[in-house]
1. Return the distance in nm (one decimal) between the two label points of a simple spin-label model at GLN277 and ILE77, each offset 7 Å from Cα along Cα→Cβ.
2. What ranking do GLU101, GLU285 get, fewest neighbouring Cβ atoms within 10 angstrom at the top?
3. Out of residues 5 or more away from ASN224 or on other chains, whose amide H comes under 5 Å of its own, with H placed 1.01 Å from N in the peptide plane?
4. For a footprinting-style exposure proxy, rank LYS283, LYS140 by other Cβ within 10 Å, fewest first.
5. 7 Å from Cα along Cα→Cβ at both LYS301 and VAL123: what's the point-to-point distance in nm?
6. At a Cα cut-off below 26 Å, give the lysines reachable from LYS198, other chains included and same-chain residues fewer than 8 away excluded.
7. Could you calculate the contour length gain from ALA226 to VAL30, that is, 0.36 nm times the residue separation minus the distance between their Cα atoms, to one decimal place in nm?
8. What do you get for trypsin sites (Lys or Arg not before Pro) in the stretch 51-85 restricted to DSSP loop and a cutoff of at most 12 other Cβ within 10 Å of the site's Cβ?
Amino acid sequence: MRSTSGILLILFSTGAALAQSPDPATTFEVASIKQSPPRNGGMMRVGCNGGPGTKDPGRITCTNINVANLVMKGYGISHYQLAGLSIADDNRFEFAVKLPEGATKEQVNVMWQNLLKERFKVVLHRETKDTQVLELVVAKGGLKVKESTPQPPADPEAPPPPPPPPSGGPVPRFNMDKDGFPELPAGRGPSMIMMNCKARWRASEVTMAQVASQLASQLGQPVNDATGLTGKYDFTLSWATESFSNRGGGAAAGGPASPIAGLPDTDGGPTLQSVIQSQLGLKLEQRKGTIEMLVVDHAEKVPTEN
């Protein structure tokens, strides 16, 4: 959860602004945007539910999402690849969108991009940046997680799950284990919770490329998968973290949106970097590299009317 410092960064412009007119074939059938209710104390539910590959493929609902979150979602980037917007922006929105039948994840990403251009008048361009990158490799001693057991196919006749509770409503309470980490209730699927400066991530059927992507998001630094592993894995990872409020935002790592508490920093507990090796049997090695950036030149604070 720490960002690197003291690194010389050099930016090079690589293209014209991305502000073309949206393709009518890649827009949501219906898109409702409402201002999120004021934050209720120190707890806030952040995330999205539904869409391709879920039990509710025809709709997506998102809660407490700001424009920076939506740019990252639509363009498939991490927060360290975004410039011109703050992920700490408290101007957040509730989204409810209906998808065309059979829409793919790639098409939905383009729909989010077009929604940003149409409703928030977002104009952005790409740049490259020289920086330090991390490579995820198998540590000495070998992998400490087992491959996933294949799950039976979902029942196509099963009803879609109910929408998430309103963001202004009560946030479920979670028990803490003997080490002070939040216990994830059974049946929620893959999820992440950050509470009292402790984090727990339950991964389900994830590839090492997905592990690298999630680690990059948490560490604020590019992470490439160099493990050579091609399987899918289940594991639960627990570590101590900086306060959520210091980070300025976040979301669940897959599955339903997770409640997250922004509370003062506390001492104690293993760091994310250390548990990667002690709990997973993996480690991170630093290399020089180049990443692509998205620079937002303009974005309206209030979307156009529904």
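1. So the label points at GLN277 and ILE77 sit 3.2 nm apart.
2. On the way: GLU101 7, GLU285 11.
Sorted ascending by nearby Cβ count, the order is GLU101, GLU285.
3. LEU134, GLU135, LEU136
4. Working: LYS283 17, LYS140 8.
Ascending Cβ contact count within 10 Å gives the list LYS140, LYS283.
5. For the pair LYS301/VAL123, the computed spacing is 2.0 nm.
6. Candidates past the 8-residue exclusion: LYS73, LYS144, LYS146, LYS178, LYS232, LYS283.
7. Details: separation 196, 0.36 × 196 = 70.56 nm, distance 4.09 nm.
Length gained, ALA226 through VAL30: 66.5 nm.
8. Numbers: sites: LYS55, ARG59, LYS73; in loops: LYS55.
For trypsin sites (Lys or Arg not before Pro) across the stretch 51-85 that sit outside H, G, I, E and B with at most 12 neighbouring Cβ atoms in 10 Å, the list is empty.
The numbers here are math on the coordinates, done by the rules we state, and not lab data. Model, not experiment: these values are computed from the prediction. Note that we place each Cβ from the backbone using ideal geometry, even for glycine, and neighbour counts take in every protein chain shown.
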